[in-house]
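The values are calculated or read from the model by the stated rules, or taken from the named source; none is laboratory data. Please read these numbers as outputs of a predicted model, since none were measured by experiment. Cβ: placed from backbone, ideal geometry, glycine included. Neighbour counts: every protein chain shown. Each accessible area value is taken on the protein alone, full model and side chains, heavy atoms only, with ligands, DNA and RNA left out. Shrake-Rupley method; radii C 1.70, N 1.55, O 1.52, S 1.80 Å.
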Amino acid sequence: MDLKVLLYSVFLCYAAVGVQSTANRRANANAKKLLAALSGLGDRVLSGAFGGYTNVGDENGFSLGQANQIQQWTKKLPAVYGIDCAPGWSTTAEYKEADIIECMNMQAVEYAKKGGIITVSHHLPNPVFAGNNANGNGAYKTAIYNNDYAAILKEGTPQRNRWWNTMEKIAKGLQGYKDRGITVLYRPLHEMNGDWFWWGALQDGSQNGERQRLFKQLWQDLFHFMQKKGLDNLLWVYSPDHSRPSKTDFYPGDNFVDIVGLDCYTDDPTKINGYDEMIRFGKPFALAEVGPGTTNGQFDYDRFVKAIISSYPKTVYFMPWNGGWSPVKNKNPWGAYNNPKVVNLGELRVR
């Protein structure tokens, strides 16, 4: 272990004193230690990258390719690595077993065993629709009305049965990480204040007070389900979209969230909206999904990281998306991952 890593490990041991409790009071020791380490980062920030989607057979399918490309460009590997399970455009609410089980991906396990932190998200199929829909098999971008939403939460309905099926399959996938001693930064139901996913806000906004109440119930339902399944390896990440209002109005409560964040696609990283709102919750803050607003290869990731350090200093990690949003498809990834305030793979020790 080099001196830098040793000193930083000692710093984390002291910084972890007095940090918040996990949302799941039964969280295992590894999850508690990771939350303590994130809470104790001080003025440093973990790097990240998105590795792709499971069950997708093209260049967007999950692999370690994104991490390896970043290493080729920067000589560094990201500390946080993302995987998205069961994309809602390629599956239905009547999942095949493989759709979610692949969430426990052995390449992700390999990365975690090297010291990486795995974050899991979903673009979930719509439980209101059993089969094909004009917007794709899973209808993940098909809006539902509040009465449909309520039916998802009502015992005995077809919608509830499909949602239960969804939760069962997700839990089986996440269990694989628990069995291997891996803590997961779990980011379900993201960008809920936007109107593009079925679980999110309504386009006209006329009934969004009720929608916010239903969303909170859905999040809490998922939380309690995973808790009953014994999934004590999860840290729960709440991340609305920075470009829309009502970022805090969907917040399900302190007892159901470990980390707050923002999803942010912008061409000007000095103008991220909602940072002050989110840090008022007193939780660790993340830029949980980021990238340029315009995918023309001109986004400067070195400037982005410098903006994090100067304007959003409580950020504990940032995770750029892949494809045209990726650091390796844009400008100055070297500066981003080699900034002295950035912590990469192998530089964080959780004690």
Query raised in the report: What number, in percent, do you get for the relative contact order of region 45-97 if the mean sequence gap of Cα pairs under 8 Å and at least 6 apart is divided by its residue count?
Result: 43
Report summary line: The relative contact order of the chain, taking Cα pairs under 8 Å that sit 6 or more residues apart, comes to a percentage of 22
Query - Residue among D267, D179, D232 with the largest mean-square fluctuation in a Gaussian network model of the chain, springs linking Cα atoms under 10 Å - result: D179
Requested in this report: At 1.4 Å probe size, with no ligands or nucleic acids counted, give the accessible surface of D221 in Å², nearest ten.
Outcome: 30
Query raised in the report: Which far-off residues, 5 or more places away or on another chain, put their amide H under 5 Å from the one on N55, with H placed in the peptide plane?
Result: F62
Query raised in the report: At 222 nm, what helix-only mean residue ellipticity would the chain give, in deg cm²/dmol to the nearest 500, using -39500 (n - 2.57) for each DSSP H run of four or more?
Result: -10000 deg cm²/dmol
Query - Residues of the chain: accessible area per residue with a 1.4 Å probe, Å² - result: 39
Report task. Would you mind telling me the share, in percent, of accessible area of the chain contributed by carbon and sulfur at probe 1.4 angstrom? Result -> 48
Report task. Taking H placed 1.01 Å from N in the peptide plane, check which residues at least 5 places from I117 or on another chain put their amide H under 5 Å from its amide H. Result -> V80, Y81
Report task. Can you tell me which of 310-322, 156-168, 75-87 comes out highest on packing, and rank the rest after it, using the mean Cβ neighbours within 10 Å? Result -> 75-87, 310-322, 156-168
